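I have placed the structure first, in the form of structure tokens, so that the comments after it can refer back to it.
The values are calculated or read from the model by the stated rules, or taken from the named source; none is laboratory data. All of these numbers come straight from a predicted model, not from anything done at the bench. Heads up, the Cβs are rebuilt from the backbone with ideal geometry, glycines too, and the neighbour counts pull from every protein chain shown.
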Amino acid sequence: MKILIAFTHPNPQGFNGAILKQIQTNLSEAHSVKTLDLYAEQFDPIL
């Protein structure tokens, strides 16, 4: 299964980043996982 994770948090080294890494590790064992870090890409939701 292909899984896309959209992650947005200003501090990827914090608790939310740790949760993301754990999810990536667990899911990548049996699935194709791609992660988008919208904060790192400076995504602007106001178009």
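Just a yes or no: is a residue in region 2-11 surrounded by 13 or more Cβ atoms within 10 Å (Cβ to Cβ) and part of a loop (DSSP other than H, G, I, E, B)? Yes: region 2-11 contains one or more residues that are surrounded by 13 or more Cβ atoms within 10 Å (Cβ to Cβ) and part of a loop (DSSP other than H, G, I, E, B). GLU29 satisfies every condition listed in (1) surrounded by 11 or more Cβ atoms within 10 Å (Cβ to Cβ); (2) free of Cβ contacts under 8 Å to residues at least 12 places away in the same chain except (1). Residues in region 13-22 that are surrounded by 13 or more Cβ atoms within 10 Å (Cβ to Cβ) and over 9 Å from the mean Cα position of the chain (by Cα): 1 in all.
Rundown of residues vs (1) of a type outside the set (A, V, I, L, M); (2) modelled with pLDDT of 95 or more; (3) not in a strand (DSSP E or B), yes/no style:
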residue	(1), (2), (3)
ASN16	yes, yes, yes
GLN22	yes, yes, yes
VAL33	no, yes, no
PRO45	yes, no, yes
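Can you spot a residue in region 39-46 that is surrounded by 13 or more Cβ atoms within 10 Å (Cβ to Cβ) and among the acidic types (Asp, Glu)? So far as region 39-46 goes, no, none of its residues is surrounded by 13 or more Cβ atoms within 10 Å (Cβ to Cβ) and among the acidic types (Asp, Glu).
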